[in-house]
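Here's the structure, in structure tokens; my notes come after.
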Amino acid sequence: MPWILIIIIFLFGLYLYPQLPAKIATHWNINNQADGWGSKNFAVFFVPLLTLGLYLLLSFIPLIDPLKKNIEAFAHLYFWFKLCFILFFGLLHFLTLYAALGHQINIGRFVILGIAVLFFFIGLFLPKIKRNYTIGIRLPWTIHSETVWDKTHKFGGKVFISLALLMALSSFFSGKIAFVILMAGIILLLFSLAIYSYWEFRKIEKGKI
């Protein structure tokens, strides 16, 4: 399925290639105004090649992980995790080329919704991840302790899902509000995960004394 989707992403760009203008908007600001441009070749081939590269990277790295047996325990979930990334980049590719054909579309809203869906799936995925060096919330305290790893990922799952729901709601507000919520949410998420994992690690260490 991932390979079929990647091929479809490539073919979609090739199909539209003759209809696309020589200069295409590739980036939009928080007011949904194009502020970055690229050539037709860049717009058609960059995202599909990036998607292919990321998929190969995500597929190869677990093979050399010292704890790859743990990754094998949730391989079916990891498959859907990679698939979500492909779908997300496919959405970006479709939106970029669709807008290049002259269609009016709120790119920012779709991108925020896409990230929200991605975060929601990550939230469902996190509690089931076993300790490894490749995938998950890899902090010094989670890597050191399997107990801290499990607790942090269960907590992280709830945080990711909460942020996903908040982002989905924010997508219906102005671009500035949605952007602020996205950035503030990500910063709070990172800090909360680091503080929570350290706190759980300290509780374990104090229990040993």
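Scanning region 123-137 for residues that are in a helix (DSSP H, G or I) and surrounded by 20 or more Cβ atoms within 10 Å (Cβ to Cβ) gives PHE125, LEU126. When ILE64, ILE86 are checked against the criterion of being surrounded by fewer than 15 Cβ atoms within 10 Å (Cβ to Cβ) and closer than 30 Å to ARG131 by Cβ, a single residue qualifies: ILE64.
I'm trying to understand the selection: among the residues of region 24-74, which are touching a strand residue (DSSP E or B) at 6+ places or on another chain (Cβ under 8 Å) and hydroxyl-bearing (Ser, Thr, Tyr)? Within region 24-74, THR26, SER39 meet the criteria. Restricting region 160-176 to residues that are crowded, with 20+ Cβ neighbours inside 10 Å and at pLDDT 90 or above leaves a set whose member that is farthest from the chain's Cα centre (by Cα) is LEU163.
The residues on offer are THR142, THR147, THR152, and the sole one that is under 16 Å from ILE204 (Cα atoms), surrounded by fewer than 20 Cβ atoms within 10 Å (Cβ to Cβ) and either in contact with a helix residue (DSSP H, G or I) (Cβ under 7 Å, 6 or more places away or on another chain) or modelled with pLDDT of 90 or more (or both) is THR147. Restricting attention to region 165-202, which residues are within 16 Å of LEU139 (Cα to Cα) and charged (D, E, K, R)? Hits for region 165-202 are GLU200, ARG202. Looking only at residues of region 180-205 that are among the β-branched types (Val, Ile, Thr) and under 13 Å from SER162 (Cα atoms), we find that the one that is surrounded by the fewest Cβ atoms within 10 Å (Cβ to Cβ) is ILE186.
For first residues located in region 145-163 and farther than 16 Å from MET183 by Cα, partners that are of a type in the set (Asp, Glu) and surrounded by 17 or more Cβ atoms within 10 Å (Cβ to Cβ) and lie 6+ apart or on another chain with Cβ distances below 7 Å form the pairs VAL148/GLU200; LYS151/GLU200; THR152/GLU200. In region 1-32, of all residues being surrounded by fewer than 12 Cβ atoms within 10 Å (Cβ to Cβ) and among the polar types (S, T, N, Q), the one that is nearest to SER174 (Cα to Cα) corresponds to ASN31. When residues of region 35-66 are filtered for being closer than 25 Å to LEU95 by Cα and assigned to a helix (DSSP H, G or I), how many remain? Residues in region 35-66 being closer than 25 Å to LEU95 by Cα and assigned to a helix (DSSP H, G or I): 19 in total.
Please state which of the following conditions ALA99 fails to meet, knowing it meets all the rest: (1) of a type in the set (A, V, I, L, M); (2) touching a Phe, Trp or Tyr at 6+ places or on another chain (Cβ under 8 Å); (3) in a helix (DSSP H, G or I); (4) closer than 30 Å to LEU14 by Cα. Unmet for ALA99, out of (1) of a type in the set (A, V, I, L, M); (2) touching a Phe, Trp or Tyr at 6+ places or on another chain (Cβ under 8 Å); (3) in a helix (DSSP H, G or I); (4) closer than 30 Å to LEU14 by Cα: (2). Taken over region 67-83, the criterion of being under 13 Å from THR134 (Cβ atoms) and in a helix (DSSP H, G or I) is satisfied by LYS68, LYS69, ASN70, ILE71, GLU72, ALA75, TYR78, PHE81, LYS82.
The values are calculated or read from the model by the stated rules, or taken from the named source; none is laboratory data. Owing to the predicted nature of the structure, the values given are computational and were not obtained by experimental measurement. Here the Cβ is made from the backbone with ideal geometry for all residues, glycine too, and neighbour counts use every protein chain on show.
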